[in-house]
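Following: one structure in structure tokens, then a few remarks.
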Amino acid sequence: MRILAIETSCDETSVSVLEIRGSIRRPVFNILSNIVASQVKIHAPWGGVVPNLAKREHQANLTLILKKALKESNLLISNFQFPISKQILTPKYQILNSILEREPELLKKLTPFFKKYKAPEIDLIAVTSGPGLEPALWVGINFAKALAMAWNKPLIPINHMEGHLFSVFLKKNRKKNLKFKIENLKFPAVALLVSGGHTQLVLVKNWLKYKLLGETLDDAAGEAFDKVAKMLKLGYPGGPVIAAEAAKSEIRNKFKILNSKFKIQLPRPILNSKDYNFSFSGLKTAVLYLLKDLEKKIPDFYNRKDLILAICVEFQQAVIDVLIKKTIRSAQEYKAKTIILGGGVAANKELRLQMAEAVKNLKIVPIFLMPEMEFTGDNAAMIALAAYFHWQKNKKIGGISKIAADSNLRLK
Ligand code: KG4
Ligand code: ZN
């Protein structure tokens, strides 16, 4: 079967086609396409994602990205049955008009697309329905509903965080021949899902069976990286820039001296609390006070690259310490046979290295899974893969009219 997936929960517009062959017990997956268009440049001047700008960009780009994804999958076939103009008047297209009533931009782009191309050979459409930015989610949902209606295909809503969880299995199709299987997963598993909007520790009891063990009480881990980078005038998104600063080798030797001379020490919020929650807003405030103090002491503080580097190292380590400690403790308590790391922050190399090390040091070493770098950020391939498992479990899908954006959608 082939699944077409759409992801627009934040600032990436993505469409993917996943092909599944083999038996139900041993499915073999192949990512035929996974197009991701980032809006980073558009949001950068604001130092964070602006929901309405994100919505506008998704509206402007979705049809083009769909076309690219279908073309790359060899599924874009021209419709030669002209003239089609009459078809536009059929009831189906009238429904389409009503679905896209609030998305005139999408309607304008999709109508000629439907006229020009045949319904592709796919079996299922999947779309992220939450959590995420509501205006952004709605564009993807309305777009997916329009495709499902026009092509007469079932539509399945998928939780974005579940997508990040499944991202650990994805393998890039480099030469159109790299297929992958789901292996190496034993239950129970604990999954640390860290993104720009969420930080969650999840117990995975079995396929699609979750219990949320803890989450952030305020800022998400990625959000903390973004906000601290902004304070340090390093740009957006903050995760990659702070990680790059912290990785500069020259600081390693100087770090200890700077650290003690300027008291660059940051707290590890709720590191020892008995629950599995996180809190990063206090850490952000601690950086703010540290900066105020340093600005007073050092007039050209923002030109002191060594100090900025030292703060990046300390901040990154503070986040990593908390994330790892709580993950490892939950793995011990629940006797996890697998530990999963996923989400945009899973691109952080130090986090990857240190988590792998911490897992290795456990008495009974569980399997450790994290996504290939390419699949750490938002992408539609992970949504397609999660959709496959839901489809196998329950092929009776409710009406598409019930599918709605839920910015706080929870894993159950
Ligand atoms: O999952 P994601 O792509 O989008 C959301 O669902 O939010 O995560 C984006 C977040 C951003 O906050 C970004 O700063 C962070 O992931 N991020 C990183 C790194 N690369 C991206 N955080 C730390 N280190 C990185 N290397
Ligand atoms: Zn995400």
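The values are calculated or read from the model by the stated rules, or taken from the named source; none is laboratory data. Since the model is a prediction, treat every value here as computed from it, not as a measurement. Don't worry about glycine lacking a Cβ; one is built from the backbone with ideal geometry, like all the others, and counts go over all protein chains shown.
Please state which one of 340, 328, 324 is more than 12 Å from ligand 1 (Cβ to nearest atom) and touching a residue at least 60 places away in the same chain (Cβ under 8 Å).
The match here is 340.
Looking at residue 69, is it at pLDDT 95 or above and either farther than 30 Å from residue 182 by Cβ or among the small types (Gly, Ala, Ser) (or both)? Yes. Summed over segment 386-402, the residues that are in a helix (DSSP H, G or I), aliphatic (A, V, I, L, M) and within 17 Å of residue 153 (Cα to Cα) give a count of 2. Of all positions in segment 13-34, at least one carries a residue that is in contact (Cβ under 8 Å) with a residue 24 or more places away in the chain, under 20 Å from residue 222 (Cβ atoms) and part of a strand (DSSP E or B). Restricted to segment 2-41, and to residues there that are among the charged types (D, E, K, R) and more than 16 Å from ligand 1 (Cβ to nearest atom), the residue that is nearest to residue 122 (Cα to Cα) is 2. Across segment 182-234, the number of residues qualifying as within 16 Å of ligand 2 (Cβ to nearest atom), of a type in the set (Asp, Glu) and touching a helix residue (DSSP H, G or I) at 6+ places or on another chain (Cβ under 9 Å) comes to 3.
Every residue, every condition in (1) surrounded by fewer than 12 Cβ atoms within 10 Å (Cβ to Cβ); (2) over 18 Å from residue 209 (Cα atoms); (3) within 16 Å of ligand 2 (Cβ to nearest atom), yes or no:
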| residue | (1), (2), (3) |
| --- | --- |
| 376 | no, yes, yes |
| 389 | no, no, no |
| 392 | no, no, no |
| 397 | no, yes, no |
| 406 | no, yes, yes |
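Annotation: of all residues in segment 343-374 being away from ligand 1 (no atom under 16 Å from the Cβ) and part of a helix (DSSP H, G or I), the one that is farthest from residue 199 (Cα to Cα) is 360. Of the residues making up segment 273-307, those that are in contact (Cβ under 8 Å) with a residue 40 or more places away in the chain and assigned to a loop (DSSP other than H, G, I, E, B) are 275, 276, 277, 279, 280.
Among the residues of segment 169-207, what is the count of those that are more than 13 Å from ligand 1 (Cβ to nearest atom), buried (at least 16 other Cβ atoms within 10 Å of the Cβ) and of a type in the set (A, V, I, L, M)? Number satisfying all stated conditions: 9.
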